[in-house]
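Colleague: Quick one: this structure, given as C-alpha cells, is what I'll be asking you about.
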C-alpha cells in the first residue's frame with residue numbers, strides 16, 4: 001500500500017530534516033518507493049504494513065534513532081487522500097489571496113479539519129498557535145496545494 005507520512009514541525013533549518021536524509025531514513029526502515037514532497041516533512045512510501053498506528057510508531061522511533069529528532073508523524077493512505085480530494089472540502093473557494101486553504105490532520109481521532117483562513121485577519125504562525133491551543137500537538141497542517149502535490153506524487157510513482 002502507498003502512504004504519506006506527514007511529519008510535524010519539519011523545517012529546512014535542521015540539517016537532519018532534509019529530504020535526502022528523510023528518504024534515507026525511510027529506506028533504512030524498510031520502506032519502498034520513498035519520495036519526499038517539498039521541504040515540509042512529507043514522505044511518500046510503500047509498505048506491506050496496513051496498520052496506521054504501527055506505521056506511525058515505527059517511523060517516529062526510526063526518526064529518533066536514525067536522525068536524532070522526535071516529531072509526531074501522521075500517516076494517511078493514498079485512498080484516504082483521494083477520498084478527501086473527491087469531497088472537494090473547499091467547495092469552489094479560490095485558493096488565492098486573501099484566502100489560505102489548509103488541512104489539519106489529526107492523529108487521534110483520525111480526522112481532518114479543512115479551513116479557509118483569511119490572511120487579512122491572521123497569519124500562519126498565529127493560526128497554528130490557535131489550532132494547537134484548541135487541539136494539542138498531535139496535529140499537523142498542510143496547505144491544500146501541498147495536499148494535492150502529495151496526491152499527485154502518490155499517483156505518479
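Colleague: Going by C-beta contacts inside 10 Å, put 61, 35 in order with the fewest on the left.
Modeller: Details: 61 13, 35 17.
Placing the least packed residue first, the sequence is 61, 35.
Colleague: Suppose R0 equals 22 Å. What FRET efficiency, 1/(1 + (r/R0)^6) with r the Cβ-Cβ distance, do residue 115 and residue 64 give to the nearest 0.05? Please report the intermediate quantities before stating the final value.
Modeller: Numbers: r = 30 Å, r/R0 = 1.37.
According to the calculation, E is roughly 0.15.
Colleague: With each run of n ≥ 4 DSSP H residues scored as -39500 (n - 2.57), what mean residue ellipticity at 222 nm is computed for the chain after dividing by its residue count and rounding to the nearest 500 deg cm²/dmol? Don't jump to the answer; show the numbers that get you there.
Modeller: Numbers: 5 runs with 61 residues, N = 157.
Helix contribution divided over all residues of the chain: -12000 deg cm²/dmol.
Colleague: Could you let me know the centre-to-centre spacing of segment 74-93 and segment 131-146, using Cα atoms, in angstrom?
Modeller: 15 Å
Colleague: Then there is this: By how many nm would the segment from residue 95 to residue 132 lengthen if fully extended, with 0.36 nm per residue of separation less the alpha-carbon distance?
Modeller: Numbers: separation 37, 0.36 × 37 = 13.32 nm, distance 2.34 nm.
Here the segment from residue 95 to residue 132 would lengthen by 11.0 nm.
Colleague: Calculate how steeply helix 144-156 sits against the longest principal axis of the alpha-carbon atoms of the chain, using the helix alpha-carbon long axis, and give the answer as 0 to 90 degrees to the nearest 10.
Modeller: With rounding to tens, the tilt is 40 degrees.
Colleague: Something else about it: Rounded, prolate or oblate: which fits segment 1-69, taking a ≥ b ≥ c as square roots of the Cα gyration tensor eigenvalues, rounded meaning a/c under 1.5, else prolate when a/b beats b/c?
Modeller: Numbers: a/c = 1.71, a/b = 1.45, b/c = 1.18.
The shape class here is prolate.
Colleague: Let me ask you something else. Can I get the semi-axes of segment 86-156's equivalent ellipsoid? Compute them from the C-alpha gyration tensor as square roots of 5 times the eigenvalues, in angstrom, largest first.
Modeller: Details: eigenvalues 77, 62, 21 Å².
In descending order, the three semi-axes are 20, 18, 10 Å.
Colleague: Right, another one. Against the longest principal axis of the chain, how steep is helix 78-87, in degrees 0 to 90 to the nearest 10, with axes from Cα atoms?
Modeller: Taking Cα atoms only, the helix is inclined about 10 degrees.
Colleague: What ranking do 69-75, 132-138 get when scored by the average of other Cβ atoms within 10 Å per residue, highest first? Mind showing how you got there, number by number?
Modeller: Details: 69-75: 18.1, 132-138: 11.7.
Listed from highest to lowest mean packing, they are 69-75, 132-138.
Colleague: Any chance you could give the angle, 0 to 90 degrees and rounded to 10, that helix 124-135 forms with the longest Cα principal axis of the chain?
Modeller: Rounded to the nearest ten degrees, it is 80.
Any read-out appearing in this document is the output of simple, stated calculations on the displayed coordinates, not a laboratory observation. Everything numeric in this text was worked out from a predicted model, so none of it was measured. As a convention, Cβ positions derive from the backbone with ideal geometry for all residues, glycine included, and neighbour counts pool all protein chains shown.
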